[in-house]
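One structure below.
The values are calculated or read from the model by the stated rules, or taken from the named source; none is laboratory data. None of the values given here were measured: they were computed from a predicted structure. Here the Cβ positions follow ideal geometry from the backbone for every residue, glycine too, while neighbour counts run over all protein chains shown. Surface accessibility is based on the protein's heavy atoms, side chains included, excluding ligands, DNA and RNA. Shrake-Rupley method; radii C 1.70, N 1.55, O 1.52, S 1.80 Å.
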Amino acid sequence: MFPSSFDYVAARSVEEAVAAKAGAGDDARVLAGGQSLIPMMKMRLAAPAQLVDINRVPGLDALERTNGQLRVGALVRHADIARSDLAFGAIASAAPWISDPLVRNLGTLCGSVAHCDPEGDWNSVLLATGADVVARGPSGERTIPITDFVVDFFTNALRDDEMVTEVRIPVPNGRSGGSYQKLERKVGDYATVAVAAHLELGGTGAIARAGVALTAVVPKNTKVTAAENVLVGNHPSTELFEEAAELAAQASEPRDDVRGSAEWKRNVVRVFTRRALTAAAAQAQQG
Ligand SMILES: Cc1cc2nc3c(=O)[nH]c(=O)nc-3n(C[C@H](O)[C@H](O)[C@H](O)COP(=O)(O)OP(=O)(O)OC[C@H]3O[C@@H](n4cnc5c(N)ncnc54)[C@H](O)[C@@H]3O)c2cc1C
């Protein structure tokens, strides 16, 4: 199928992209990897009047660790993260699970974050690790915690005249670990069920910070605060992880579909949460 007609702007700077977007209001969309936007336009699920292509904007492809943060620019592709030594914990664990090599070579983490697809993997990883999204508009830059950025099903907190320039993920300075457990029907698919886990240990070996988030079994990527609260202050153990896994299963809202029954998916959440926490703890304990 062919998309509706649209105007096309190839921005050469963030300022130019923001100005083009501001000029077209809610009829403009940023084009990054195009791996979600172009299929949606072809299926006429999206019909923006203007595309603002950011692929020629210098500097947006930076992936670096500075000031205790992993900074992921708006043109960093999934594949860049999968092969980077800078990725850690749940980030390194999730990157190879995003679709297939073709999509990973073009799609971007920031595009995925902006898209807010509840079956998308990155927002759960960012909720578990406590990331921030940096947005730029005509009046400057603002930093939005990922918990506020993910508003709803395919809905983010950006204003019409803003774009995402980067995502900042805090790099733990103590012992930490993370894992992303994903069940897909076949290689390259979106998740049927996925769970992100992130743990940081204090000096005594007790859990000082915990992040658990769910993909595909909730209307939007969701942080399981009840499970995180149970984990913090306690030492990693099978019983503790089973308790957290039960809370994650209770927080999930799966539906019956061709991929499985709601009851079965809830059990996968339980098993995957336990596995993700066990893997995260083992990584943290190895230092
Ligand atoms: C066959 C297939 C399988 C896939 N499987 C998976 C999977 O298993 N897991 C997964 O997580 N994803 C999957 N995806 C989606 C893929 O990861 C996309 O790359 C991602 O969702 C969007 O990134 P993008 O750079 O391609 O964004 P685009 O398609 O260019 O844009 C997507 C949306 O985000 C907006 N946007 C993009 N960048 C910005 C920005 N910097 N600022 C503001 N708005 C922005 C666009 O305007 C658009 O609304 C799959 C896609 C395909 C085609």
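Starting with the highest mean, order 195-202, 245-252, 263-270, 182-189 by the number of other Cβ atoms within 10 Å, averaged over the residues of each peptide.
195-202, 245-252, 263-270, 182-189
Write down the percent of antiparallel bridges among all DSSP beta bridges whose residues are both part of the stretch 1-104, to the nearest 5.
35
Along the stretch 73-81, what does the Karplus equation 6.51 cos²θ - 1.76 cosθ + 1.60 (θ = phi - 60°) give for ³J(HN,Hα), rounded to whole Hz, x for Gly and Pro?
Coupling constants for the stretch 73-81: x, 5, 10, 6, 7, 3, 5, 4, 6 Hz.
When only alpha-carbon atoms count, how far does the chain stretch along each of its three principal axes, as whole angstroms with the largest first?
Largest to smallest, the principal-axis extents are 57, 46, 30 Å.
Please report the accessible area of Phe88 (heavy atoms, 1.4 Å probe, ligands and nucleic acids excluded) in Å², nearest 10.
30
Would you compute, from DSSP H runs of 4+ residues alone, the mean residue ellipticity of the chain at 222 nm, taking -39500 (n - 2.57) per run and dividing by the full residue count, rounded to the nearest 500?
Computed mean residue ellipticity for the chain: -9500 deg cm²/dmol.
I'd like the orientation of helix 238-251 relative to the chain: the angle between its Cα long axis and the longest Cα principal axis, in ° from 0 to 90, rounded to 10.
That helix lies at roughly 40 degrees to the long axis.
Please work out whether the stretch 175-285 counts as rounded, prolate or oblate from its C-alpha gyration tensor, where a ≥ b ≥ c are the square roots of the eigenvalues and a/c under 1.5 means rounded, while otherwise a/b larger than b/c means prolate and anything else oblate?
The shape class here is prolate.
With r as the distance between the Cβ atoms of Arg159 and Arg12 and R0 = 22 Å, compute the FRET efficiency 1/(1 + (r/R0)^6) and round to 0.05.
It comes out at approximately 0.45.
When the accessible area of the chain is split by element with a 1.4 Å probe, what percent falls to carbon and sulfur?
Looking at the chain in its full context, I get 49 percent from C and S.
Exceeding 29 Å between C-alpha atoms, which entries from my cross-link table qualify? They are Lys42/Lys223; Lys21/Lys42; Lys21/Lys220.
Correct reply: Lys42/Lys223.
Which of rounded, prolate or oblate describes the stretch 7-53 when judged by the alpha-carbon gyration tensor and an a/c cut-off of 1.5?
Here the stretch 7-53 falls in the oblate category.
Using only the Cα atoms of the stretch 191-247, build the gyration tensor, take square roots of its eigenvalues as a ≥ b ≥ c, and label the shape rounded, prolate or oblate: rounded if a/c is under 1.5, else prolate if a/b is larger than b/c, else oblate.
prolate
So with the 1.4 Å probe, I'd like the accessible area per residue for the chain, rounded to whole Å².
Result: 45 Å² of accessible area for each residue.
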